[in-house]
1. Kindly indicate the residue of the range 54-82 that is in a helix (DSSP H, G or I) and in contact with a Phe, Trp or Tyr (Cβ under 9 Å, 6 or more places away or on another chain) and also nearest to residue 117 (Cα to Cα) among those meeting that condition.
2. When residues of the range 79-88 are filtered for being crowded, with 17+ Cβ neighbours inside 10 Å and either of a type in the set (Gly, Ala, Ser) or modelled with pLDDT of 95 or more (or both), how many remain?
3. If I filter the range 54-70 down to residues being touching a helix residue (DSSP H, G or I) at 6+ places or on another chain (Cβ under 8 Å) and of a type in the set (Phe, Trp, Tyr), which single residue comes out as surrounded by the most Cβ atoms within 10 Å (Cβ to Cβ)?
4. For the range 115-126, name all the residues that are more than 9 Å from the ligand (Cβ to nearest atom) and either at pLDDT 95 or above or hydroxyl-bearing (Ser, Thr, Tyr) (or both).
5. Take the residues of the range 83-111 that are assigned to a helix (DSSP H, G or I) and of a type in the set (Gly, Ala, Ser): which is farthest from residue 29 (Cα to Cα)?
6. May I ask you to say which residue of 36, 51 is of a type in the set (Asp, Glu) and either part of a loop (DSSP other than H, G, I, E, B) or buried (at least 16 other Cβ atoms within 10 Å of the Cβ) (or both)?
7. Is it the case that residue 106 is more than 13 Å from residue 35 (Cα to Cα), more than 10 Å from the ligand (Cβ to nearest atom) and surrounded by 12 or more Cβ atoms within 10 Å (Cβ to Cβ)?
8. Quick one: how many residues across the range 1-33 are acidic (Asp, Glu) and part of a loop (DSSP other than H, G, I, E, B)?
Amino acid sequence: MSTQKEIIEKYPLLFKNLRSGKEKFECGKGWNNIIEEACENIMDYFDKFPEHSQNNIDSFVVVKEKYGFLTIQGGTFPDIVYDLIKDAEVKSFCTCEYCGDKGRPITIWGWEKTLCESCEKEDSRV
Ligand SMILES: [Zn+2]
């Protein structure tokens, strides 16, 4: 699994305006694969349709966890890119934010999270 820093460095155009900087996203590393796959698909699309990419490779501003799910915001893109982002966000509904295993939405101490059972145990052992 790539680190968040590696993903950001691999797709400099997509993350040049990221508000959290060049090192990390505002979510756990369990979603790294989902984010990386979305970036790959987005850049594949721009490779296949270079006429769309001229003015259209914008930067995401926010990649974070919100209400327990992955949220990717910012940038102006062709519609298909928003569809790819939506796919990634939907995948986070059943992927542990901490480790990337199969997870499900739960509430811990009033916080909504998407976690697998073992990470849930870790997290609630406070
Ligand atoms: Zn987990």
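1. The qualifying residue nearest to residue 117 (Cα to Cα) is 81.
2. Going through the range 79-88 one residue at a time, the tally reaches 3.
3. 60
4. 124
5. Only one residue tops the list, namely 88.
6. The conditions single out 36.
7. Yes, satisfied.
8. The total comes to 1.
The values are calculated or read from the model by the stated rules, or taken from the named source; none is laboratory data. Since the structure is predicted, the reported quantities are computational estimates derived from the model, not experimental observations. Quick reminder, even Gly has a Cβ in these numbers, built from the backbone with ideal geometry, and neighbours come from all protein chains shown.
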